[in-house]
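No lab work stands behind these numbers, since they all come straight from the coordinates. Being a predicted model, the structure only gives us computed values, none of them experimental. Cβ atoms come from the backbone with ideal geometry, glycine included; neighbour counts cover every protein chain shown.
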Amino acid sequence: MAWYIYLIIAIGVTLQYYFVFYSPRQDEDWRKLPLLAEYLIQHPECKTDDDENARCYHCESNKVLFQPLTTHADPRYKHICLNCKTILFRSKSII
Ligand SMILES: [Zn+2]
């Protein structure tokens, strides 16, 4: 194979990594979400016994799920209300 084929593959893999895994648009959206501490300042009534979690300000459900922003290995988490699907706050897993 000619050398430029490898170059095209390398560029393709890099772009895929950038857009699929790092995902700058999603990262920007994620950064706009409050951290749990900030969320609790805005919605003090949402505090629960669990220091790692909070209630939904929208529907008061305590069924808040967290999921990685992109893939399974992504340390950026968003916490979503299972009941009304509101995205509530963000966190980062410590690896
Ligand atoms: Zn809710």
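Considering only PRO68, TYR17, ILE5, the residue lying farthest towards the positive end of the dipole of the chain is ILE5, judged by Cα position with unit charges set on Cβ. Projected label points at THR48 and LEU82, each 7 Å from Cα along the beta carbon direction, are separated by 0.9 nanometres. Among ARG76, ARG55, sorting on how many other beta-carbon atoms sit within 10 Å of each Cβ, with the fewest leading, yields ARG76, ARG55. Given +1 at the Cβ of Lys and Arg, -1 at the Cβ of Asp and Glu and no other charges, the dipole of segment 3-92 around its Cα centre is 260 debye to the nearest 20.
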